[in-house]
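Colleague: I'd like to ask you about the structure that follows.
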Amino acid sequence: MYKLIDTRHELEQLSSLLLTKRIIALDLEGEFNLHRYGIHLCLLQIGTEDEIFLVDKITLGNIDPLREVIESEKIEKVMYSANIDVRLLKYACGFNIRNIFDLRIGAKLIGLEDQSLGGLITFFTGARIDKNKRFQMSDWSRRPLGKDQLDYAADDVHYLIPVRERINEMLAIKRMTKQFIKANKILENEIFKDTENNYLKTPNSGKLNKNERVILKHIYNMREEIAEELDVPAYRVIRKENLYNIVRHLPVDKVEWRKVLNISNRDIDFSGRFEDAVNAAVEEIKSLRNLR
């Protein structure tokens, strides 16, 4: 069983409880430009030796009472493939997680064949969990969460501590504990790398000339701006894979722009804003020429 934490009082009580623990299991569910715009921390799954807590970040908003727990060197956090979760905690909350025990790193060091979470759980405990991809792709930012989603989330931490005990034993036998600790310490420094040149990561952007890349930049930035306004993933405005062809064959009027926009059926017509973006690109190209 598990307890859903969605009030400030419950969160403060949970924090006080966790500060008495030596080891906790931790996992996160987030939203990464799949159903909404941007990156959002939605749910924290926290397990102790005998309890599981699901912390509703969307409902709570601020979860600062957990900062001391997350950043404590005295409390080990048992996680699986923690690199994205480390980045997400920093990005969404400003938490700098410390003292990680990443099961995947351990499984790799001791040479286990199946290093998936489900594989580790079955190998060490005999239990089988259903890692349904439907839940991995579900919208964790919507409320209320369904019981099946909550059950799935709780399963993610239910077996982490027992698996940790077995992996820790095997690391000691193989004399890899120091190497393991070092790898987990490096993991604490993971961050999302934000760059102003994300537009250059679009498919086939390397085939564009300098002027075309300026046009791509302005169209890409307008795509992001509108997506953020609407709180929808950017692909709902223009699919990334279509940007190259749009730049190479620029729409000549609002009618043609509506044909390439995924949001053309909305009440608001965004075609004019993309025309403005192209015009701004042309002005930038002219100014760059004048500087030569």
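Colleague: Test residue 180 against the stated conditions and say whether it is touching a Lys or Arg at 6+ places or on another chain (Cβ under 8 Å) and hydrophobic (A, V, I, L, M, F, W, C).
Modeller: No.
Colleague: For the stretch 170-177, check the following and say yes or no: at least one residue is of a type outside the set (Asp, Glu) and under 24 Å from the mean Cα position of the chain (by Cα).
Modeller: No, every residue in the stretch 170-177 fails to be of a type outside the set (Asp, Glu) and under 24 Å from the mean Cα position of the chain (by Cα).
Colleague: Still on this structure, please answer the following. Being open to solvent by 60 Å² or more (accessible area, probe 1.4 Å) and more than 30 Å from residue 92 (Cα to Cα) is the filter here; which residues of the stretch 126-141 pass it?
Modeller: Passing the criteria: only 128.
Colleague: With the requirement that a residue be within 13 Å of residue 118 (Cα to Cα) and of a type in the set (A, V, I, L, M), what does the stretch 144-166 give you?
Modeller: Residues satisfying the conditions are 157, 160, 163.
Colleague: Another question about this same structure. For the stretch 143-158, which residues satisfy the criterion of being free of Cβ contacts under 8 Å to residues at least 24 places away in the same chain and touching a helix residue (DSSP H, G or I) at 6+ places or on another chain (Cβ under 8 Å)?
Modeller: Of everything in the stretch 143-158, those that are free of Cβ contacts under 8 Å to residues at least 24 places away in the same chain and touching a helix residue (DSSP H, G or I) at 6+ places or on another chain (Cβ under 8 Å) turn out to be 148, 149, 152.
Colleague: If I filter the stretch 100-110 for residues that are over 27 Å from residue 41 (Cα atoms), modelled with pLDDT of 95 or more and surrounded by 16 or more Cβ atoms within 10 Å (Cβ to Cβ), do I get at least one hit?
Modeller: yes
Colleague: Further question: In this structure, does residue 161 turn out to be buried (at least 17 other Cβ atoms within 10 Å of the Cβ), among the hydrophobic types (A, V, I, L, M, F, W, C) and in contact (Cβ under 8 Å) with a residue 24 or more places away in the chain?
Modeller: Here the answer is yes, as residue 161 does meet what is asked.
Colleague: Filter the stretch 73-98 down to the residues that are under 10 Å from the mean Cα position of the chain (by Cα), closer than 16 Å to residue 164 by Cβ and open to solvent by 30 Å² or more (accessible area, probe 1.4 Å) and list them by number.
Modeller: none
Colleague: Of the residues that sit in the stretch 44-72 and are farther than 23 Å from residue 162 by Cβ and of a type in the set (Val, Ile, Thr), which one is least open to solvent (accessible area, probe 1.4 Å)?
Modeller: It comes out as 63.
Colleague: Shifting gears a bit: Filter the stretch 87-134 for residues that are of a type in the set (Phe, Trp, Tyr) and touching a strand residue (DSSP E or B) at 6+ places or on another chain (Cβ under 7 Å); which is farthest from residue 173 (Cα to Cα)?
Modeller: The qualifying residue farthest from residue 173 (Cα to Cα) is 91.
Colleague: Hey, among 44, 34, which residue is free of Cβ contacts under 8 Å to residues at least 40 places away in the same chain and among the aliphatic types (A, V, I, L, M)?
Modeller: 44
Colleague: With the checklist (1) within 29 Å of the chain's Cα centre (by Cα); (2) farther than 30 Å from residue 98 by Cβ in hand, flag the one item residue 289 doesn't pass.
Modeller: Here residue 289 meets the rest and fails (1).
Colleague: Could you list, in sequence order, the residues of the stretch 164-175 that are farther than 13 Å from residue 77 by Cα and in contact (Cβ under 8 Å) with a residue 12 or more places away in the chain?
Modeller: Passing the criteria: 166, 167, 168, 170, 171, 174.
Colleague: Filter the stretch 1-37 down to the residues that are out of contact with any helix residue (DSSP H, G or I) (no Cβ under 8 Å at 6 or more places or on another chain) and in a helix (DSSP H, G or I), then identify the one that is farthest from residue 156 (Cα to Cα).
Modeller: Ranking the candidates gives 9 first.
The values are calculated or read from the model by the stated rules, or taken from the named source; none is laboratory data. None of these values were measured; they are calculated from a predicted model. So basically every Cβ, Gly included, is an ideal-geometry build from the backbone, and we count neighbours across all protein chains shown. SASA here: full protein model, heavy atoms, side chains in, ligands and nucleic acids out. Shrake-Rupley method; radii C 1.70, N 1.55, O 1.52, S 1.80 Å.
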